[in-house]
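Chemist: Mind looking over this structure? Questions follow.
The values are calculated or read from the model by the stated rules, or taken from the named source; none is laboratory data. Since this is a predicted model, take the numbers as computed values, not measurements. We work out accessible area using only protein heavy atoms, side chains counted, and drop any ligands, DNA or RNA first. Shrake-Rupley method; radii C 1.70, N 1.55, O 1.52, S 1.80 Å.
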Amino acid sequence: MWLALPALVFAGILVAQDKLDISESLLILGCLVAYLGLVAAALVDTLVRQLQTLTNVIASLREGDYSFRARGANSHDPLGELAGEVNALADLLQGQRVRSLEATALLARILEVMHAPLFAFDRDNVLQLINASGAELLGRPYARCFGRTAAELGLDELLNAPDQTIHLFGNRSARWLLRRAGFRQEGAPHTLLLLADVSVPLQEEEQAAWKRLIRVLGHELSNSLAPIKSIAGSLLMRVDSLAAEEDMKRDFRRGLGVMESRADSLHRFVQSYRQLAQLPPPKLSRVALGPLLERVVLLEQRLAVQLEAGPAVALLVDPDQLEQMLINLLANAVDSALGNNKQAVRVSWRTADDSVWIEIEDSGQGIANAENLFVPFYTTKPKGSGVGLALAQQIARGHRGDVELVNREDDAGARATVRLPLA
């Protein structure tokens, strides 16, 4: 309108001075109207295009596509300022999305490398999140875990258990500390379960407690048994000088002999436990595993042990302690095989994950009570002392390794597995 104002004023002056007739005036007016129409159409088209561009940019932002930007953001008119604000909003959302993707990728990487099994369930107790350790603990692939209920996965007891409680899972001997927490996703409540393997810390605490108990009992018993044995021996030597009948002397000899013998046996029994409590730190040296296993197998003469050849590896260990550990484990395997009238005991080794795995398999009756295997004083043998497995576990821990004893799945008997780091 303002663009046509000078032409309208000029035409009005000409009409007022009678220099234009009616037809010429109408012609000029028609040209002006057509001109104004073209100018208005151009302005409306420009405005509509800018608004349509802004609409498309906002629609792409709503769809999650932050690559589009509005043009004309550098102009100082209201539409230019609006385009600038929309572009700034797109930059902000794009940055937030990049940070969210990076955080999600970091979380996925953390879950992947976590050794602690992790599970997340929704309000209907359906699994929504699991990491690699959790799938390994369940013994299922990822595809068979998602969408399953806690009851189907065998986790309903853990899901209903209180926080910070100790649990056993399946047939494994490991003990798990349960940590649970609640969170919301899209407004719906979820439950997060985290399992931490506390077998090693608990075993270390138990071993420390047993060591303290053994030291106290060993000291007190040794102090009492030594004079009892000495007095019994001295009295036994003076029996012949007694003025008594021969039957009475014989009874004295028998009784004092039993006292001396049992005191000596009990003293040796106590000393074996004190060996467990006073195990020195390992003196490490580089040792070839193959020859060491050959020596251990040759020491067992009750039956022929099958030694399967493995890779040539070297360990940084205390050879004396390692031999003692393997001798104890092999002796247990042979005892179990002989007790079941079997003659099959196999020893093998392999390497994996910067560690060597030594396996001793027997064909005996298997393990009856796996929970008490490494507890000192516990034994299932008539003449056992309950020291061998506890000492083996302690030696393995001292070498940054581990010992596991489980029932075989492929046959009758048990399998002892020793894991030690490679040199």
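Chemist: Could you put V406, V258 in order of accessible surface area, largest first, with the 1.4 Å probe and the full protein assembly present? Before the final figure, lay out each step's value.
Modeler: On the way: V406 45, V258 80 Å².
Result, largest first: V258, V406.
Chemist: Under the rule of at least 5 residues apart or a separate chain, name every residue whose amide H is placed under 5 Å from the amide H of G366.
Modeler: Placed amide hydrogens put G413, A414 under 5 Å from G366.
Chemist: Spelling out what I want: for every residue of the range 117-131, take phi, set θ = phi - 60°, compute 6.51 cos²θ - 1.76 cosθ + 1.60 (Karplus), and round to whole Hz; glycine and proline get x.
Modeler: Running phi through 6.51 cos²θ - 1.76 cosθ + 1.60 with θ = phi - 60° gives x, 9, 9, 10, 10, 8, 5, 8, 6, 9, 5, 10, 8, 7, 9 Hz.
Chemist: I've got another one for you. What do you reckon, how do R250, R419 stack up by accessible area (1.4 Å probe), largest on top?
Modeler: Numbers: R250 105, R419 70 Å².
The most accessible residue leads, giving R250, R419.
Chemist: Using θ = phi - 60° and the Karplus relation 6.51 cos²θ - 1.76 cosθ + 1.60, list the HN-Hα couplings for the range 178-192 in order, rounded to whole Hz, with x at every Gly or Pro.
Modeler: Once θ is set to phi - 60°, the couplings for the range 178-192 become 8, 10, 10, 8, x, 8, 10, 10, 6, x, 8, x, 10, 10, 10 Hz.
Chemist: Given H placed 1.01 Å from N in the peptide plane, which residues other than close sequence neighbours of L307 have an amide H under 5 Å from its amide H?
Modeler: V347
Chemist: Can you list residues from other chains, or at least 5 along the same chain, whose modelled amide H is less than 5 Å from the amide H of L129?
Modeler: Close amide H contacts, sequence-distant or interchain: A120.
Chemist: So, one more: May I ask you to rank L61, L338, L106 by accessible area, largest first, using a 1.4 Å probe over the protein chains only? Present the calculation step by step, with values, prior to reporting the outcome.
Modeler: Values: L61 20, L338 60, L106 105 Å².
Heavy-atom accessible area, descending, gives L106, L338, L61.
Chemist: Taking 0.36 nm per intervening residue step and subtracting the Cα-Cα distance, what contour gain separates D156 from L82 on full extension? Walk me through the intermediate numbers first.
Modeler: Details: separation 74, 0.36 × 74 = 26.64 nm, distance 5.53 nm.
Length difference between fully extended and current span is 21.1 nm.
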